[in-house]
Amino acid sequence: GDFMKILFKQSDQNGNALETIGIRQCYCKQIAVLADSHQTTRKAHHHTGFEIHIVESGHQAYGVGDEVWDIRGGQLLVIPPNVRHIVLDNSPNAAKTSITFTAAPQSLFEAVSLCAICQVPTRVMDNLANIIIESNRRRSLSESLIGAWLLESIVLIFRALGIKENAAEDDTLDSRIFLATQYIQDNIEQAPTVSEVAAYCGVSERQLSRIFASEGQSPAEIIRAKRVRRIEELLADPSLSLKDIGERMGFSDEYYFNAFFKKYAGMTPGSYRKTMM
């Protein structure tokens, strides 16, 4: 029978996440080692991409240059591009999964130029089990799931080898600005208070003001500006009376509605509506 089963092949549909970190032409294969040992792997050869051989049980010995690398169950071997190697020996019960891919220029993987052995991270073993199960299901989202598990596995393997990643920028500030702005926008007709927005974002009112300092407006000013904008949108709907709009925007009476809009828009709601006719 076949000595290899392809569990995953990277494509335009399933490979976007892999591509973002410089992984191309990614394959994941289950290999029957005993059958494979009679193939070309018994000759010295090399590849233009990375090979990751994960031995689940038994062992497999590789010759790399003058060295012999014996990979036992629970270990993996990473072979970088253009490194000549040969399969020397394996136990009859050896079972392995291989992940192969080419690395984009200037990707982090290029820092690994020598063969390396390490223990298979537990999370990677879990991912492989999931990949095998999902590859047999072949449902519409199977390929996307497998691609995500492979991405995580490759990153964890190279981290285990000591790959140096760049520090990520702290986007906590931007995330909270987005959360706050989205909350204000979604609840603008309910007259959200600065206190409510701060509570939603898990910060104090003082912290919220500090976060919005980079926007050049205070949270209260942003709420007011969005309320004025929403009132203008409602005034453009002729089916809504001024009384309807005031009540919808949470004003207790028409006087406060008129006073608020005139203060921040420069004219009364009625005058604004006339300019739109």
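The values are calculated or read from the model by the stated rules, or taken from the named source; none is laboratory data. All figures in this text were calculated on a predicted structure; none of them were measured in a lab. All Cβ positions, glycine included, derive from the backbone under ideal geometry; neighbour counts span all protein chains shown. In case anyone asks, the SASA skips ligands and DNA or RNA and just uses the protein heavy atoms, side chains included. Shrake-Rupley method; radii C 1.70, N 1.55, O 1.52, S 1.80 Å.
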Spelling it out for residue 88: with amide H atoms placed in the peptide plane at 1.01 Å from N, the residues 5 or more places away or on another chain with amide H under 5 Å from its amide H are 61, 62, 63
Sorted list, accessible surface of protein heavy atoms, 1.4 Å probe, largest first, for 85, 45 is 45, 85
Once amide hydrogens are built 1.01 Å from N within the peptide plane, the residues lying 5 or more places from residue 56 or on another chain with amide H under 5 Å from its amide H are 74, 95, 96, 97
Whole-percent tail of the Cα-Cα distance distribution for the stretch 1-157, cut at 29 Å, equals 13
The set of residues whose placed amide H lies less than 5 Å from the amide H of residue 47, leaving out same-chain residues fewer than 5 positions away, is 82, 83
Inverse of <1/r> over all distinct C-alpha pairs of the chain, i.e. the Kirkwood Rh in Å, gives 23.7
Summing -39500 (n - 2.57) over every DSSP H run of at least 4 residues in the chain and dividing by its residue count gives a helix-only mean residue ellipticity at 222 nm, to the nearest 500 deg cm²/dmol, of -13000 deg cm²/dmol
With every protein chain kept in place and a 1.4 Å probe, the residues 264, 27, 256 fall, from largest accessible area down, as 256, 264, 27
Once phi for every residue in the stretch 239-250 is put through the Karplus expression 6.51 cos²θ - 1.76 cosθ + 1.60 (θ = phi - 60°), the whole-Hz ³J(HN,Hα) values, with Gly and Pro written as x, are 6, 9, 7, 4, 5, 4, 5, x, 5, 4, 8, x
With T = 10 °C, eta = 1.306 mPa s and Kirkwood Rh from C-alpha pairs, the Stokes-Einstein D of the stretch 52-124 in µm²/s is about 123
The ³J(HN,Hα) series, computed from each phi in the stretch 213-228 with the Karplus coefficients 6.51, -1.76 and 1.60 at θ = phi - 60°, rounded to the nearest Hz and given as x for glycine or proline, is 4, 5, 8, x, 9, 7, x, 4, 5, 5, 4, 4, 4, 6, 5, 4
Contact order relative to length for the chain, counting C-alpha pairs under 8 Å separated by 6 or more residues, stands in percent at 14
Taking R0 as 35 Å and r as the Cβ-Cβ distance between residue 221 and residue 277, the FRET efficiency 1/(1 + (r/R0)^6), rounded to the nearest 0.05, comes to 0.70
Checked against a 18 Å limit on the C-alpha separation, the offending pairs among 226/262; 96/164; 5/43; 29/164; 9/164; 226/274 are 96/164; 5/43; 29/164; 9/164; 226/274
Per residue, the convex hull enclosing the alpha carbons of the stretch 154-213 has a volume in Å³ of 116
Mean shadow area (nm²) of the C-alpha convex hull around the stretch 131-171 is 4.2
